[in-house]
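Student: Submitted below is the structure of interest, expressed as structure tokens.
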Amino acid sequence: MKRSIVIHRKITWLLLFSVITLGVASGFIYSGKQNIEKSNSYINQTYETIETLQMAVTSLYETGGVTSALLDSLEKTTQVNKDLQHALPTLREYVAAKKPVAEIKQLLYYMLNEEKLLLAARKDANILVNQHVALVLILGRVGAFLFVVIILFMVNNDITQHKTTQRKLIAAIAEARQARKMQEQFLANMSHEIRTPMNGIKGMTDLLLETPLSEKQQDMAGMIKRSINTLLVVINDILDFSKIKAGKLHIEKIDLSIREVLNSTRSLFAHPLHSKGLQLQMSVDPNIPDCVTGDPHRLNQVLNNLISNAIKFTNKGSINIDVSIQEQTAEQMVVCFKITDTGVGIPAESIGYIFDSFSQASQDTSRRFGGTGLGLTICKQLLQLQGGDISVTSTVGKGSVFQFYLTYGLTNKQAPEAPAHSGTQEYNNLLAGKNVLVAEDNEINQKLIEFVLRKAGGAVTIANNGEEAVKYLQQDKVYDLIIMDLQMPKMDGYATTYYIRHQLRLTTPIIAMTATAMKDEQWQCLHAGMNEYMTKPFEFAELYKRIVQLVD
């Protein structure tokens, strides 16, 4: 930007100097022209004077005298050129006194010789004027040319440097894009590598808890599950934060019920609320429609973060959730969510930065309560990605009030039906008589998904990659459902699904399973022909809910 300004400034100076040079040159040309015209006028007058004198000499020879007409003409030609004004009175006296012809002739020859000498001098002066004007014009042109050459050289040098800088900038942008692409790939790989084993750990723990255990074993398995859930919160915070920074977090616009999301949140925190003896009270404006359009998962994520914090920092009292309409038009509605707790509160000096990355209210907060310091940062960024925002007011020792708003689209559809089943036990015969094909390359996850599906009464076939899945589908056996992992060797989930839909022409329901959960991945899955999309680690009940929607 600065170099561009310098180039423009030099071009401006070049134009300005060109105008000034043109003006000065025009002035010299005009002045030289005036001098030349004046010099030529003097020379012409001298010629006229010489001619009149010669006529007087001729008249003297022919008639023996000089007529008064010639004297008047001679006086007229010397009025401007006054070089002979001193001799004219003497000539008139000679003519009037009828001096001898020889004396008059001598005076006329004297005057004629003086004029010839004056003519020669004026011619020389005229030549000098012409040479001076020509020299000035040549010097002016040479100077202007040199100045223009210097400025053009400097401008060209600046343009060359500008182009060099531009090439470096383009290279830097390409390098930054490549680095960002590598960062995105690294993030996808890390998400996959972390979530895949976590899916096995969490799933196997859930299966273990459903088997007959002694009281001590049940307690140990329960502690493992709580530790896994805590670890998952930390992992999800870090991955979500990284995805937000990389611009890879996907925001959906689908039908949702705000009341259902709130009820789901309440049930999620039932155990920690009960263990601390806290009350969770909810108040929802009755004018809020049962069905709106937005992102239920991100709303659930924000509420979970805020309520988790409220429970964490509240030892006695209650937590209130108030939901009201802030603004409404014919097409959309701004909904305000207010979470009030009676916890320890936030010092005034900390409120300004609690939404910053890795920030907590005090230095001992992490030691006393745990956490990454990313929860509120993620909440704020998730809300801003959806056009909302969040604020907080707090008093130390009395509690805090977090308030955020989101804009939801209005629709005439009915609220999504609440699931009829609340526990996995009620899904025991869900897949009775059904054949399920599972394409999964991780051995632990193969066993996990096989246990989960067999528990629902299904017959399960395991394929280690997409190629094996296609081979099974090309046989005579008919499958009622396909569980498709996205990241597999030889043939990934996208390519396999595309082949199933376009080459085999099968309409078998496909549920995508991914441990990456990057932006636009769900859209890519649906675009490839899959029917549902789930991220690892997954809840058994959530998988069963998806199966209910797809399999009769």
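Student: Tell me which helices (runs of 4 or more DSSP H) are completely within the stretch 457-552 and hold 2 or more residues being of a type in the set (A, V, I, L, M, F, W, C) and within 21 Å of Met204 (Cα to Cα), or say none if there are none.
Tutor: On the way: elements: 466-474, 493-502, 521-528, 540-550.
Hits in the stretch 457-552: 540-550.
Student: Oh, and also: Quick check, is Leu453 part of a helix (DSSP H, G or I) and at pLDDT 90 or above? It would help to see each step written out before you state the result.
Tutor: On the way: part of a helix (DSSP H, G or I): yes; at pLDDT 90 or above: yes.
Taking the combined requirement at face value, the residue satisfies it.
Student: Can you tell me how many residues within the stretch 228-280 are in a helix (DSSP H, G or I) and either in contact with a strand residue (DSSP E or B) (Cβ under 7 Å, 6 or more places away or on another chain) or among the acidic types (Asp, Glu) (or both)? Give the derivation first.
Tutor: Going through the stretch 228-280, the residues in a helix (DSSP H, G or I) turn out to be 228-245, 258-268, 270-276.
Filter once more, so that each one left must be either in contact with a strand residue (DSSP E or B) (Cβ under 7 Å, 6 or more places away or on another chain) or among the acidic types (Asp, Glu) (or both): 237, 240, 258-260, 262, 266, 273.
Here the count works out to 8.
Student: Could you list, in sequence order, all residues of the stretch 45-60 that are closer than 19 Å to Lys99 by Cα and either free of Cβ contacts under 8 Å to residues at least 12 places away in the same chain or not assigned by TED's automatic domain parsing to the domain that holds Asp72 (or both)?
Tutor: Thr58, Ser59
Student: Do you know which residues across the stretch 73-114 are under 17 Å from Ile43 (Cβ atoms), part of a helix (DSSP H, G or I) and at pLDDT below 75?
Tutor: Thr77, Lys82, Asp83, Leu84
Student: Okay, next question. Being of a type in the set (Val, Ile, Thr), surrounded by 12 or more Cβ atoms within 10 Å (Cβ to Cβ) and in a helix (DSSP H, G or I): is that true of Val129 here?
Tutor: Numbers: of a type in the set (Val, Ile, Thr): yes; surrounded by 12 or more Cβ atoms within 10 Å (Cβ to Cβ): yes; in a helix (DSSP H, G or I): yes.
In short, yes.
Student: Another question, if that's okay. Report yes if Leu118 is touching an Asp or Glu at 6+ places or on another chain (Cβ under 9 Å), of a type outside the set (Gly, Ala, Ser) and assigned to a helix (DSSP H, G or I), otherwise no.
Tutor: Details: touching an Asp or Glu at 6+ places or on another chain (Cβ under 9 Å): yes; of a type outside the set (Gly, Ala, Ser): yes; assigned to a helix (DSSP H, G or I): yes.
In short, yes.
Student: Do we have Gly203 as crowded, with 17+ Cβ neighbours inside 10 Å and over 30 Å from Cys291 (Cα atoms) here? Reasoning before the result, please.
Tutor: Details: crowded, with 17+ Cβ neighbours inside 10 Å: yes; over 30 Å from Cys291 (Cα atoms): yes.
Yes, satisfied.
The values are calculated or read from the model by the stated rules, or taken from the named source; none is laboratory data. The model shown is predicted, which means the values in this text are computed figures rather than measured ones. No Cβ is skipped: glycine too gets one built from the backbone with ideal geometry, and neighbour counts run over all protein chains shown.
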